[in-house]
Amino acid sequence: KDAQSRVMLCVDGVLPWRTNSKTTSSSRTFHFGRKPFGFGPRCLLAAVCPVVVYQRRGKQRLVAFARHSRGLCEALLEWLQDIPGVEGLGGLRVGQSTYEAGGLGVFAAKDFAAGELVCRVPREALLLSGDGGAESLAEAYLRERSSPSSPFKPYWDSLPEDKDVAPFHPLQWPAELQQMEYVNDLLKGSLSAQRIFQERLKWASASPEMKAALVLVDSRSFNLADDQGNVIRALVPLIDLLNTFVPLTSTGSWNCWFRGNLQEGALLQAECPITEGSELVHCYSDFSSPELWATYGFLPLEAMESSHEAPLISLPLGELKLISQAKKILQPRHWLDERTLAFEIPWDAEDGGPLFTVLNCMANGQQDRVQNILRERLQTALLASQQAEEALLAPTSGPHAAFKAALQQAALQLLHNERPLLEEELELLEG
């Protein structure tokens, strides 16, 4: 093949996988009046992933990984080159990421102007979900992976082993730690995290193969749009090698943006001018801390500054009349149980938002009472967060003690990311 059209490889003793994954898209807007992402996040992938443990092993082990990676990437790229419609391989090279524990990354082998197409992977090279959902894509993956004649074999061979995909994803935890009693105790300071992890762990009793497939889909798939604008999940070879940003308070920025649809396939565009030799990185979309952890299996142990952080406060409803009224105006996400509501802070607390609609019903329009109820619920949530932090600082023991200690660290950081939103809402109320 033409040497200029072939992606150059520079593996140099790195692991042939990464533990983070890809962005999705959503229409959710920024919260006006509060600071959004700042000037862009910086990637930090070593937070709660065991890749660094592998990196401490001997030189012989790393050299073996490097050789293994080189062969797998060459086979993957040769397969992609033979698919009509693939674009941009000549402008890329795969090499060791510049980010700690980033594994392989993708680098610019030329300069790119802002808005320029970096690469395109057409529909023919994508594995798509049948009904658009994660479960459907996981089932499609298992069918294809088990087929000896699957055209995706070079892609499957390039993927990490099941145990190495997002090791801290809840479906990767030891079985006894997937019990909701443990999970709710670990996350008792965050109602939002409890709800999100409960949804993920509904698959805890699935077969090991299905759980591994769901973790792969969660941590590596992308969202594309069909002709009607519906979301379709897809596994996207090559583009899923890119490292990604998360919204941390430290400086940095992403330089690529993903978009995709069934007609054009998966496209990566330059978000800004990119110089030759730069690592290509793109941005996680609108994920809160618990969503990031439950989806991609890691949470940076550094303060996040995400405009999509959304801690929950609970609101008990005592009177049947109030329950009936609430059912008419609220969405299913607002119900913790039949008599308790849950509201996202700050989203639901906007003027005219659902929280104040319900509070006005409870207080018969008396603004002092509205403020008193809201103040009490915010203070209750903050107290729960502080008490949970004290419990999480206790040492672990027994089976999986080291693993539980890492989970407790992540849970602590989650509380630290959510708490400022509750404190700020309380300050706004008092001010």
Scanning region 332-386 residue by residue, those touching a residue at least 12 places away in the same chain (Cβ under 8 Å) and more than 19 Å from Leu421 (Cβ to Cβ) turn out to be Glu338, Arg339, Thr340, Thr357, Val358, Cys361, Met362, Val370
Check Ser314, Ser397 and return the single one that is of a type in the set (S, T, N, Q), touching a Phe, Trp or Tyr at 6+ places or on another chain (Cβ under 9 Å) and outside any helix (DSSP H, G or I).
Ser314
Here the residues within region 182-197 that are among the polar types (S, T, N, Q), buried (at least 16 other Cβ atoms within 10 Å of the Cβ) and either over 30 Å from Ile313 (Cβ atoms) or without any contact (Cβ under 8 Å) to a residue 40 or more places away in the chain (or both) are Gln194
Somewhere in region 224-238, is a residue hydrophobic (A, V, I, L, M, F, W, C), part of a helix (DSSP H, G or I) and either free of Cβ contacts under 8 Å to residues at least 60 places away in the same chain or open to solvent by less than 10 Å² (accessible area, probe 1.4 Å) (or both)?
no
Mind counting the residues in region 142-160 that are surrounded by fewer than 17 Cβ atoms within 10 Å (Cβ to Cβ), out of contact with any Phe, Trp or Tyr (no Cβ under 8 Å at 6 or more places or on another chain) and not in a helix (DSSP H, G or I)?
4
Please work out which residue is modelled with the lowest pLDDT, limiting yourself to region 239-257 and to residues that are outside any loop (DSSP other than H, G, I, E, B), open to solvent by less than 20 Å² (accessible area, probe 1.4 Å) and not aliphatic (A, V, I, L, M).
Phe245
Test: residue in region 202-221 that is within 16 Å of the chain's Cα centre (by Cα), open to solvent by less than 10 Å² (accessible area, probe 1.4 Å) and either under 30 Å from Gln386 (Cα atoms) or free of Cβ contacts under 8 Å to residues at least 60 places away in the same chain (or both):
no
Is one or more of the residues making up region 359-366 in a helix (DSSP H, G or I), at pLDDT 95 or above and not acidic (Asp, Glu)?
no
Could you run through region 388-420 and say how many residues are within 19 Å of Ile345 (Cβ to Cβ), of a type in the set (A, V, I, L, M) and open to solvent by 30 Å² or more (accessible area, probe 1.4 Å)?
0
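The values are calculated or read from the model by the stated rules, or taken from the named source; none is laboratory data. Just so we're clear, the structure is a prediction, and the values are computed from it rather than from any experiment. Here Cβ is always computed from backbone atoms with ideal geometry, including for glycine, and neighbour counts include all displayed protein chains. Just so you know, the surface numbers come from the protein's heavy atoms only, side chains and all, with ligands and any DNA or RNA stripped out. Shrake-Rupley method; radii C 1.70, N 1.55, O 1.52, S 1.80 Å.
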